[in-house]
1. Of all residues in segment 176-194, which are within 31 Å of the chain's Cα centre (by Cα) and more than 19 Å from A451 (Cα to Cα)?
2. Anything in segment 251-261 that is over 20 Å from the mean Cα position of the chain (by Cα) and open to solvent by less than 30 Å² (accessible area, probe 1.4 Å)? List them, or say none.
3. Answer yes or no as to whether E429 is of a type outside the set (K, R), more than 26 Å from D187 (Cβ to Cβ), touching a helix residue (DSSP H, G or I) at 6+ places or on another chain (Cβ under 9 Å) and outside any helix (DSSP H, G or I).
4. For V317, which of the numbered conditions (1) part of a helix (DSSP H, G or I); (2) of a type in the set (A, V, I, L, M, F, W, C); (3) surrounded by 15 or more Cβ atoms within 10 Å (Cβ to Cβ) fails to hold?
5. Residues of segment 320-342 being among the β-branched types (V, I, T) and open to solvent by 70 Å² or more (accessible area, probe 1.4 Å), which ones?
6. Name the residues in segment 212-237 that are in a helix (DSSP H, G or I) and over 14 Å from S196 (Cα atoms), would you?
7. Does N248 satisfy being touching a residue at least 24 places away in the same chain (Cβ under 8 Å), in a helix (DSSP H, G or I) and either over 30 Å from the mean Cα position of the chain (by Cα) or surrounded by fewer than 16 Cβ atoms within 10 Å (Cβ to Cβ) (or both)?
8. Restricting attention to segment 343-389, and to residues there that are open to solvent by less than 40 Å² (accessible area, probe 1.4 Å) and of a type in the set (V, I, T), which single residue is nearest to the chain's Cα centre (by Cα)?
Amino acid sequence: MSRKYVILPAIAIGLIAPSWAGTVYTREEAVKIALEKSTEIQSAQEDLVSTTSQVDGGYGLAYPSIDLNATVTRIFGLPDVDMKDLSMANELVAKGKEMGLDDPSPWDEMAFGAINGVANGMKAQGYRWQTSVGLTATQILYSGGKVGTGIDIAKSAKHVSEIALDNKKAEVRYNVENAFNQLIFMDSSIVILEESIKLTQSYVDLAVNNQKSGLGTELDVIRAQLQLDELQSTLEKTNKTRVVARNNLLLTMGLPFEADVQFQGTLRSPEEKVVIPDTSMANVKKRRKELAMLEESEKIQSKLIDLEKGDYLPTVVLVGGLKYGNNQNTIKDWNRPNWDNINKYVALSATMNLFNGMQTREKVTQAKSGLRSTQIQKESAERGFRLQIESCVNNLNDAEQQLGIKKRSVELAQKNQILTEASYNVGKETQLNLLESTMKLRNAKLNYMEAILNWNNAYNALLQATGEY
């Protein structure tokens, strides 16, 4: 694609390149800085970081989850637990004696020991301080395809962010170049205005001298002064407008406002042969990044339907863990953990929702609606691109026609000014007519410069519309 930018000949527009003392940026430097510091691009880059992280997080669901948990419980209102307490056996002996029984036999003593053990074991559940530490590993074995589908959705979202970043870069580059073109036009206009003011001032001085010498009238002085006032007012307004345009470009570039900064460059010459962008819709669809983003969004919406349908299917989870418990009367007492007093377990869990108030069905319906909405947007975008291209082609054709007209106006105004000045020098034309011919030439040059600017903007707009920018 041709990217030739040339300054118009000074003989054609009367342009004198200005000199600046502050920081000067070329077109290429302005675009480069904008691609690095534009807030819009930085925001798109952060979106890409986020979606990339979502892909990594999706893969994390395929790996086991390992959790460490610790619980310390203090129960109030419980007495101390004495594991050597024989009150249960003693109470049984006392009851036996009340009933006239003899002292317990050795076999009874053995039974009493078992009874004491059971009683003390039950009491052990009532320690005031109960502590547990557990390590659990959970692995999803089957979830109705949710894990794999979630990863696919995250990958598509990442791809959308990548395309959006490229699209934002192209958009920022387009905005920077258009704003840059506007500043080049305004700088050239200011130069032309300043030169016109100098020339008009000389006409005012000459009119004043002619009036004093009797060769001119007060009307000549008034008309020359009015032209000078108008030019000075236009120059002041143009300078103010340029400040706003400069700050707008700095904002697009991601730079702070700076009074001394300047931009130096050229406009693409309409006289150079440029390559007309390919406007065939088949190729435009391949190049327009907005369509690629909508296509990826369509994939995401389709996968969301599968994701929501996964709620109809069971979830199978394998769980394994280790758990150590320590129950004591005081928090300072601890039993040394060992492999024997650590609980070890493995569990296979399967859950399946049978009814949730039709929530799953409605989520599937919403996902299908989202898919159709994206498809409608895609169809509308394709028609919109076609209309946009047709409009840009028309604008470029109109700009080319205006170029020819404005260039011809400059040539005629130049010829008229030369002839008028020659006639004035031999006394056949008035100073007023000479001033008028000079102002017409100045206006013709400004109009031609604006036509060149419009042609550049129309060409850039067609490049953007066809996805070639």
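The values are calculated or read from the model by the stated rules, or taken from the named source; none is laboratory data. In this text, all values refer to a predicted model and were calculated from it rather than measured experimentally. With ideal geometry, Cβ positions are generated from the backbone for all residues, glycine too; neighbour counts draw on all protein chains shown. Note: accessible area is taken over every heavy atom of the protein model, side chains too, but ligands, DNA and RNA are not part of it. Shrake-Rupley method; radii C 1.70, N 1.55, O 1.52, S 1.80 Å.
1. Once the filter is applied, which keeps residues that are within 31 Å of the chain's Cα centre (by Cα) and more than 19 Å from A451 (Cα to Cα), segment 176-194 yields only V176.
2. V261
3. yes
4. Condition (1) is where V317 drops out.
5. I331
6. K212, S213, E218, L219, D220, V221, I222, R223, K237 - these are the residues of segment 212-237 that are in a helix (DSSP H, G or I) and over 14 Å from S196 (Cα atoms).
7. Numbers: touching a residue at least 24 places away in the same chain (Cβ under 8 Å): yes; in a helix (DSSP H, G or I): yes; either over 30 Å from the mean Cα position of the chain (by Cα) or surrounded by fewer than 16 Cβ atoms within 10 Å (Cβ to Cβ) (or both): yes.
In short, yes.
8. Here the answer is T374.
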